[in-house]
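Below is one structure, written out as structure tokens, with a few remarks after it.
The values are calculated or read from the model by the stated rules, or taken from the named source; none is laboratory data. This is a predicted model, so every value here is computed, not measured. Positions of Cβ are backbone-derived with ideal geometry, glycine not excepted, and every protein chain shown enters the neighbour counts.
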Amino acid sequence: MKIKYKQLRLLIINIFRKHNLNLTHAKICADALVNAELAGAPSHGLSRLKMYCDRIQKKLINPEPKIKIKKISPSIAHIDAHNAIGFVAADIAIKTAINNAKKTGIGLVAVKNSGHYGLSGYYAAQAVKKNLMVMIFTNAPPAVAPHGALKSLFGTNPICFGTPTGSKIPFILDTSISMINRGKIRVAARDGTKIPEGVALDKFGKPTTDAKKALEGVQLPIAGFRGSGLAWMVDILSGVFTGGNHGGKVKDPFTDFTGPQNIGHLFFVMKPNLFVGNNFNKRIKENIKIIKKLPKIKRVKEILYPGQNKYNKYRKNLKKEIIIPENIKEDLRKLSNS
Ligand SMILES: NC(=O)c1ccc[n+]([C@@H]2O[C@H](COP(=O)([O-])OP(=O)(O)OC[C@H]3O[C@@H](n4cnc5c(N)ncnc54)[C@H](O)[C@@H]3O)[C@@H](O)[C@H]2O)c1
């Protein structure tokens, strides 16, 4: 099945409305899911829609949350998301951080009692569009073994940094700390395809390319102990610091229905002109130009900065129809009629 993104958005809004979200919240969720499909990240798009709806039905995601925003200073806020769907909590958080940064130079917003919010880069792009720099952290359910440990504990805990570039294409580094993101393994398990070598171990600690065995085993962090350290840092910033779950207590949204996830997120937005004034634009352009002009290895046409590839993909996909796999088409049909 193929569908135009605008039609898909309406379909998703309708599904979330049927699951008791108000229209504003349903639109926020639909926009985030459609964005994931357009950005070429289907592992964070429709493939999760049924999971969100299941968790709403089981009262683990609160469709009518009373979200509290505690103002700590003109720059800093602490949000208790009241088990809202992560998209809604993150939407409020990034908007608050952007507003605070515009007024004071810096916006720091911590969120607790939230859930999976999809792609960090989606929120980073919103800050960069307003000509701001941004760093975003979130923790996630156990998937990656800490360096030296036999058990998964860290999530794929993405690290995200965005900045204006002086051009229309934002710099957005948005990367999991695992060799591969868990959503991609889930999609491979669903489609019966193999995962690359060196990204996961089975439950006996043996390397595997079988996605199902990888889901039962552990994922490997990027760059050994360095990646493990970065994952730990994200768990501290988004879990320990915010009041969210941490230390492996975030529940797997697909398999653990014993309680809400209580994920934590941290959003840090800054004015890029804080230290160098209006020179920032000139300096960032110069920086990118220097790197792009470097001699290239064979078969590389252009040195890309992070986010450039995703931006190009997104622009191309806007003109195409979104392809929906059969099993997801069935989910959409059932969820629309539930
Ligand atoms: N909410 C969660 O719990 C959660 C957990 C993990 C991941 N995620 C999301 O999953 C998404 C995918 O993560 P990922 O690690 O698979 O991303 P990825 O490996 O596709 O990309 C990582 C980064 O590398 C950049 N990049 C890729 N190819 C490049 C190239 N040739 N040159 C220069 N830069 C390049 C990308 O623009 C991106 O910034 C992210 O958006 C992340 O936020 C979410």
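Observations on the model:
- Residue 271 more than 16 Å from the ligand (Cβ to nearest atom), loosely packed, with under 12 Cβ neighbours inside 10 Å and not polar (S, T, N, Q): no
- Filter result (within 16 Å of the ligand (Cβ to nearest atom), closer than 16 Å to residue 265 by Cβ and of a type in the set (A, V, I, L, M, F, W, C)) within the range 30-80: 32, 61
- Meets criteria (near the ligand (Cβ under 9 Å from one of its atoms) and either surrounded by fewer than 19 Cβ atoms within 10 Å (Cβ to Cβ) or modelled with pLDDT of 95 or more (or both)) for residue 158: yes
- Filter result for the condition that a residue is within 16 Å of the ligand (Cβ to nearest atom), assigned to a helix (DSSP H, G or I) and basic (Lys, Arg), over 313, 251: 313
- Residue in the range 167-174 that is more than 7 Å from the ligand (Cβ to nearest atom), touching a residue at least 24 places away in the same chain (Cβ under 8 Å), at negative phi and part of a strand (DSSP E or B) present: yes
- Restricting the first member to the range 247-261 and to residues that are closer than 11 Å to residue 116 by Cβ and among the basic types (Lys, Arg), and the second to residues that are surrounded by fewer than 17 Cβ atoms within 10 Å (Cβ to Cβ) and modelled with pLDDT of 95 or more, the beta-carbon pairs closer than 9 Å and six or more apart or on different chains are 251/257; 251/258; 251/259.
- Among residues of the range 98-142, those that are of a type in the set (A, V, I, L, M, F, W, C) and not in a helix (DSSP H, G or I), counted: 13
- Near pairs, Cβ below 7 angstrom, 6+ apart or cross-chain, from the range 307-324 (touching a residue at least 12 places away in the same chain (Cβ under 8 Å)) to any residue that is of a type in the set (Asp, Glu) and assigned to a helix (DSSP H, G or I): 322/37
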